[in-house]
Amino acid sequence: MLTRQNYPNLIPSNQITPEGVYKERRELMKLAASAVVLAGTPLFSALSYEREKESRSLELTSYDQITTYNNFYEFSTDKEAPSKLAKHFKPRAWTLRIEGEVQKKVTFDIDQLLKLIPSEERIYRFRCVEGWSMVVPWVGIPLASVLKYVGLTSKSKYVEFETLFDPKQFPAQGQSFGSIAFPYREGLRIDEAMNPLTLLAVGLYGKELLPQNGAPIRLVVPWKYGFKSIKSIVSITLKEKQTRSTWNEMAPKEYGFFANVNPTVDHPRWSQARERPLGHFFKQDTLMFNGYGKEVASLYKGVDLKKFY
Ligand SMILES: Nc1nc2c(c(=O)[nH]1)N[C@H]1C(S)=C(S)[C@@H](COP(=O)(O)O)O[C@H]1N2
Ligand SMILES: [Mo]
């Protein structure tokens, strides 16, 4: 079910302009209440988001930009390639295993999971460590809801995610040279995983995720650099010890385990102070925790963010 909850990071409907367009969309959502898929083209064009102190206009990135400019190394390191190479990717049938330190280990069929936990829309900023950014109307389920469903144990301290390994579908996984180690893995601390902002996305712009964006289910952690938001997840493993992270293992000086968006801590090879929104010519300032400090700064109280970047 696609619902819109009264959640602080959901932009209230009266702050989204033009309002007529939004109402039209609400009608569509009612019509499609039992499906994740919504017909039609992008219906948002612009919106403003006044809740924060660092208030500035939050303009949705176009559907076209979000679905044709992608980092998905299993397909290619070229950002224009995944949308072309992913045409025959099969996001169904798909199972998601939840295992490790949980009360009950479960293997979900993805559609079964989506019937169990209602989907919500979340409009989030997204900041890649490379210096580009976007604003995406995701559709997804809170990771916390899934973790509560399987039940944590006293040893559930970290969460590890793994992407599908299938060289038949992911051409770069069959190449023994260059690129990164597969399967792609990412991890979160349990309090980060349980934070209400942390989402398992299954759609965007009210439509099912396309393969290039991580179909059928991918992580979205909006206060962290984009590489934490692992795509096409097949397993979630609860662990007692700190989990693996593909980019952190490959280049620990460049990519931290935490990878919180932080304009005051530069990447060794470039500044992180500013970012270029996709579709824009001019750069804008990057916000601490990507603008989500109110929700997540308390998770890092007393942590030296220059050391634990
Ligand atoms: N499995 C997998 N997940 C991944 C990546 C990847 O190469 N493989 N790239 C990451 C990076 S660096 C970014 S910026 C985002 C890009 O997501 P998008 O293509 O939906 O914008 O996905 C992240 N998740
Ligand atoms: Mo990225």
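Readers should treat all values here as calculations from the given coordinates under stated rules, not as data from a laboratory. Because the structure is predicted, anything quoted here is derived from the model rather than measured. FYI the Cβ positions are ideal-geometry reconstructions off the backbone, even for glycines, and counts take in every protein chain you see.
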Handout entry: Kirkwood Rh in Å, taken over all unlike Cα pairs in region 97-185
Key = 16.1 Å
Problem - Net charge contributed by nearby residues that have their C-beta within less than 12 Å of residue 68 (K/R +1, D/E -1) - result: -1
Completion exercise
Cβ-Cβ cut-off under 10 Å around residue 97, Lys and Arg +1, Asp and Glu -1: the net charge is -1
Fill in the blank from the handout: Listed by chain and number, the residues whose amide H is under 5 Å from that of residue 100, excluding neighbours fewer than 5 places away on the same chain and using placed H, are 238
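Please report the net charge: other residues with Cβ closer than 13 Å to the Cβ of residue 179, K and R +1, D and E -1. Show your work: numbers first, answer last.
On the way: positive: none; negative: 74, 78.
Within the 13 Å Cβ shell, the charges total -2.
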Problem - Under 12 Å from the residue 155 label point (7 Å along Cα→beta-carbon), backbone N, region 211-246 - result: 238-241
Exercise for the section: Quick one: which residues, 5+ away or cross-chain, put their amide H under 5 Å from the amide H of residue 224? H built at 1.01 Å from N. Expected result: 261
Practice task
Would you mind checking the pairs 105/228; 84/207; 207/253; 84/231; 157/224 and listing those with alpha carbons more than 28 angstrom apart?
Solution key: 207/253
Handout entry: Whole-Hz ³J(HN,Hα) from phi, Karplus 6.51 cos²θ - 1.76 cosθ + 1.60, for region 199-215, glycine and proline x
Key = 10, 9, 8, 10, x, 8, 6, x, 10, 4, 4, 7, x, 5, 9, x, 4
Handout entry: By average C-beta atoms within 10 angstrom, highest first, the peptides 233-244, 122-133, 87-98
Key = 122-133, 233-244, 87-98
Completion exercise
Which residues qualify? For residue 124, with a placed amide H closer than 5 Å and at least 5 residues away or on another chain, they are 136, 138
Fill in the blank from the handout: Dividing the mean separation of Cα pairs under 8 Å (6+ apart) by the residue count of region 245-302 yields a relative contact order in percent of 24 percent
Problem - Calculated from backbone phi, Karplus (6.51, -1.76, 1.60) coupling profile of region 60-67 in Hz, x at Gly/Pro - result: 4, 6, 5, 4, 4, 5, 5, 9
Problem - Distance between region 245-309 and region 117-143 - C-alpha centres, whole angstrom - result: 16 Å
Fill in the blank from the handout: Calc'd 3J(HN,Hα), region 294-306, phi into Karplus 6.51 cos²θ - 1.76 cosθ + 1.60 (θ = phi - 60°), Hz, glycine/Pro = x, comes to 4, 7, 10, 4, 5, 5, 10, 4, x, 8, 7, 6, 7
Practice task
Multiply the residue separation of residue 253 and residue 175 by 0.36 nm, subtract the distance between their alpha-carbon atoms, and state the gained length in nm to one decimal.
Solution key: 25.5 nm
